[in-house]
Amino acid sequence: MLNTQPNLQACDDFYEALIATHQGLSTPESHAMNARLVLLLANHIGDQATLQHALQLARGSAVPTADRRTTPAITPVVPTHAVAA
Amino acid sequence: MNPRDIPPEAFHASGAEVQALDFGYVRSPDQDHATPAQHPVVVIGAGPVGLSLAIDLAQRGQRVVVLDNDHKLSIGSRAICFAKRTLEIWDRLGVGQRMVDKGVSWNLGKVFLKDEQLYEFNLLPEEGHERPAFINLQQYYAEAYLVERALQLPGIDIRWHNKVTAVQSRDGGALLSIDTPDGAYQIDAQWLVACDGARSPTRQMLGLESKGRIFQDRFLIADVKLADEANFPTERWFWFDPPFHPNQSVLLHRQPDNVWRIDFQLGWDADPEEEKKPENIIPRVKALLGADAQFELDWASVYTFACLRMDQFVHGRVVFAGDSAHGVSPFGARGANSGVQDAENLAWKLDWVLKGRASPALVATYGPEREYAADENLCNSTRATDFITPKSEVSRLFRDAALHLAREHAFARRIVNSGRLSVPATLYASPLSTPDTDAFVGTQVPGAVLLDAPLTKQGQPTWLLRELGPDFTLLVFGPAPAWTRDLPGVKVLQIGIDVTDHQARAAQRLDALPGTAYLVRPDQHVCARWRTPTEAAVRSALAHATAAAL
Ligand SMILES: Cc1cc2nc3c(=O)[nH]c(=O)nc-3n(C[C@H](O)[C@H](O)[C@H](O)COP(=O)(O)OP(=O)(O)OC[C@H]3O[C@@H](n4cnc5c(N)ncnc54)[C@H](O)[C@@H]3O)c2cc1C
């Protein structure tokens, strides 16, 4: 489950660093940086249920399901021989 | 000419000669029957799926009629990438080696962004598999070798120039009306399998539908024959936004005969008629290969793609397989590959039912198993298509972010989706599987295709998949208990006794300990496994796997 209790060690420092990191970037560059940041942090978290919960909270309304007929019960697990690096 | 009189070397000729093969019309005695002749199995369509199915059935001793409205192999080059699993199935059908000998084997892929290589990947990074991750082979060659094989089998009656014009389904079979160059006739099938391609006239004649998404994009496919040996290695190269084709993607693949497949994304606004003109294609190809490149255009076409499937693949005695049942976008090479897996799933079930060894409930399980596999394929190919052609500004933003990070970070490479290449579906929820009662690790869960492994038999090298029986196989690591010899129709293969796992790869891939047993279906999917099998458990799993217990 996603931890929404205070967890940032230095929340003001982080917030300042976040804004500072965007300094001098155009709006499209900032958007691109944010997207990379989301992917980096998501990989760090790793756990699908936690991420799903975060997506839900961030959106603030129900997350629409992908436009597919059925979602496989289990994300297809590729055989070891086919796992791309 | 009667196709059976075509000399064998004709099937081994050049691409142009193979494509020119014309299978003549031969009048069937059925056409002179007063009442429709009866047949146990009729297959509509002699594409890769119909042919694979017919060969499998005939090898099992069944008589099969294959009807095709055409009299030639597939025109131009459609499918080129045939997956490891398809080759393993074709090995069982006696044509795998033929395909590998002619095809171009490859395991490596490279992904580029603009003019820079982001990373490369190996689809088969481990040793100890007989077949490569993929071969590239023009579809007409693959079909030629399948037709050649089919003609060797006495049980198959392929009728070219036989167009199915009406299908009447009824309890216990289907009545078919067929047009030929010298008139119409009817036949009656106990089982009918429609392998009649994406437009499936059978589907339409029965008033059934295939539903899904059509992608608003167009792709130019150009097959070019280079004058000299090219500088490109035998790898799959995929570019996002290359300088020679800005804002779009490009895919490059090597085929036999020094032919290269180049796949240019064009966008939805492109005019297909204009794009198909050689004067428009040649500059695009030169931009990729270099202004001095010497080549001939072998084949070109403009495609749009859809992801579609029928709700149900089994309708009484009429079964749909291959493109008639489902259609996927080509990123990932999942069309023919998944269709051949349909064929192998169906063949043994039909055989068992026709021989009275199982009830029609067994054929009915083809439906949920392959519908699940189709969903997995559709899901993968839809996701790949969405990654390659982002549908919104934000999806492009994240796509580009993933590409940007992929240069340096391994995690992001796994997000980049230029087509998840075809792997066999693991039938997790198969009604034919017996759930595990013992603990195992790894991928070889009930429902998975058995992984291959190198073995030796009497000192000679062999492969695990080649040692499986035509029906069920019980693999036992170590000596098999005496009662296993009385299991009906089950080949018992003792690893360490009948064959040697000299590199211990079978044991490692199957997480096996001494005494471990795997029950493997005729289509080489695992259906049950135990640390210490008992006769009652194995018999019950067998009953389950043949739908006797459903
Ligand atoms: C450009 C392109 C690239 C592709 N690349 C790949 C790839 O790399 N890998 C891959 O796996 N797949 C690929 N595919 C998909 C692949 O070509 C198809 O999935 C495959 O051909 C499907 O085989 P099939 O036997 O189901 O149908 P088809 O090959 O379409 O065969 C259907 C047969 O039915 C016959 N028929 C139709 N109507 C009737 C009738 N009324 N009576 C009698 N006979 C009839 C037709 O003549 C035909 O012979 C690609 C497709 C395209 C277009």
Study note, to complete from the structure: Flagged in region B:462-493 as in a strand (DSSP E or B) and closer than 12 Å to B:ALA506 by Cβ, in numbering order, are B:THR462, B:TRP463, B:LEU475, B:VAL476, B:PHE477, B:LEU493
Exercise for review: May I ask you to list pairs of residues, at least six apart or on different chains, whose Cβ atoms are under 9 Å apart, with the first in region A:36-63 being over 24 Å from B:LEU403 (Cα atoms) and the second being assigned to a helix (DSSP H, G or I)?
Suggested key: A:ALA62/A:GLN56; A:VAL63/A:GLN52; A:VAL63/A:LEU55; A:VAL63/A:GLN56
Practice item. Please specify each residue of region B:298-320 satisfying the condition of being in contact with a strand residue (DSSP E or B) (Cβ under 6 Å, 6 or more places away or on another chain) and either near the ligand (Cβ under 8 Å from one of its atoms) or farther than 22 Å from B:ARG213 by Cα (or both). Key: B:ASP298, B:TRP299, B:ALA300, B:SER301, B:TYR303, B:GLY316, B:ARG317, B:VAL318, B:VAL319
Point to revise | Scan of region B:183-224 for residues that are within 14 Å of chain A (Cβ to nearest Cβ) and farther than 18 Å from B:ASN377 by Cβ, ordered by number | key: B:GLU209, B:GLN216
Study note, to complete from the structure: Scanning region B:249-272 residue by residue, the ones that are part of a strand (DSSP E or B), within 14 Å of the ligand (Cβ to nearest atom) and more than 30 Å from B:ASP101 (Cα to Cα) total 1
Study note, to complete from the structure: Counting only residues that are more than 18 Å from B:TYR145 (Cα to Cα) and open to solvent by 50 Å² or more (accessible area, probe 1.4 Å), region B:1-36 contains a total of 9
Exercise for review: May I ask you to list the residues in region B:70-94 that are surrounded by 24 or more Cβ atoms within 10 Å (Cβ to Cβ), near the ligand (Cβ under 10 Å from one of its atoms) and away from chain A (no Cβ under 14 Å)?
Suggested key: B:ILE80, B:PHE82
Exercise for review: Could you tell me whether any residue of region B:111-127 is away from every other protein chain (no Cβ under 14 Å) and not in a strand (DSSP E or B)?
Suggested key: yes
Exercise for review: State whether one or more residues within region B:79-93 are of a type in the set (S, T, N, Q) and either over 16 Å from B:GLN341 (Cα atoms) or free of Cβ contacts under 8 Å to residues at least 60 places away in the same chain (or both).
Suggested key: no
Check your understanding: Counting only residues that are open to solvent by 10 Å² or more (accessible area, probe 1.4 Å) and out of contact with any Ser or Thr (no Cβ under 9 Å at 6 or more places or on another chain), which one in region B:471-482 is farthest from B:ARG92 (Cα to Cα)?
Key -> B:ALA482
Point to revise | Among the residues listed as B:ALA46, B:ALA54, the single one being in a loop (DSSP other than H, G, I, E, B), modelled with pLDDT of 95 or more and under 16 Å from B:TYR145 (Cα atoms) | key: B:ALA46
Check your understanding: Can we say B:THR434 is in contact with a His (Cβ under 6 Å, 6 or more places away or on another chain), more than 10 Å from chain A (Cβ to nearest Cβ) and closer than 19 Å to B:ALA537 by Cβ?
Key -> yes
Practice item. Kindly indicate whether any position in region B:165-177 is open to solvent by less than 10 Å² (accessible area, probe 1.4 Å), in contact with an Asp or Glu (Cβ under 7 Å, 6 or more places away or on another chain) and either within 14 Å of another protein chain (Cβ to nearest Cβ) or away from the ligand (no atom under 15 Å from the Cβ) (or both). Key: yes
Point to revise | Among residues of region B:436-452, those that are touching a strand residue (DSSP E or B) at 6+ places or on another chain (Cβ under 7 Å) and open to solvent by less than 30 Å² (accessible area, probe 1.4 Å), counted | key: 7
Study note, to complete from the structure: Residues of region B:128-164 being within 14 Å of the ligand (Cβ to nearest atom), within 14 Å of chain A (Cβ to nearest Cβ) and under 30 Å from B:ASP68 (Cβ atoms), in sequence order, are B:PHE134
Review point. So, in region B:57-69, of the ones that are within 14 Å of the ligand (Cβ to nearest atom) and either in a helix (DSSP H, G or I) or of a type outside the set (Val, Ile, Thr) (or both), which residue ends up nearest to B:LEU192 (Cα to Cα)?
Key: B:LEU67
Point to revise | Set B:THR385, B:THR456: member being under 30 Å from A:ASN34 (Cα atoms), outside any loop (DSSP other than H, G, I, E, B) and more than 10 Å from chain A (Cβ to nearest Cβ) | key: B:THR385
Practice item. Confirm whether B:LYS276 is within 14 Å of the ligand (Cβ to nearest atom) and of a type in the set (Lys, Arg). Key: yes
Review point. B:TRP239: more than 16 Å from the ligand (Cβ to nearest atom), surrounded by 14 or more Cβ atoms within 10 Å (Cβ to Cβ) and either of a type outside the set (A, V, I, L, M) or within 14 Å of chain A (Cβ to nearest Cβ) (or both), yes or no?
Key: yes
Exercise for review: Report yes if B:PRO246 is away from the ligand (no atom under 16 Å from the Cβ) and either without any contact (Cβ under 8 Å) to a residue 12 or more places away in the chain or within 14 Å of chain A (Cβ to nearest Cβ) (or both), otherwise no.
Suggested key: yes
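The values are calculated or read from the model by the stated rules, or taken from the named source; none is laboratory data. Just so it is clear, the model here is predicted, and its values are computed rather than measured. Heads up, the Cβs are rebuilt from the backbone with ideal geometry, glycines too, and the neighbour counts pull from every protein chain shown. Protein only, heavy atoms only, side chains kept; ligands, DNA and RNA dropped before computing areas. Shrake-Rupley method; radii C 1.70, N 1.55, O 1.52, S 1.80 Å.
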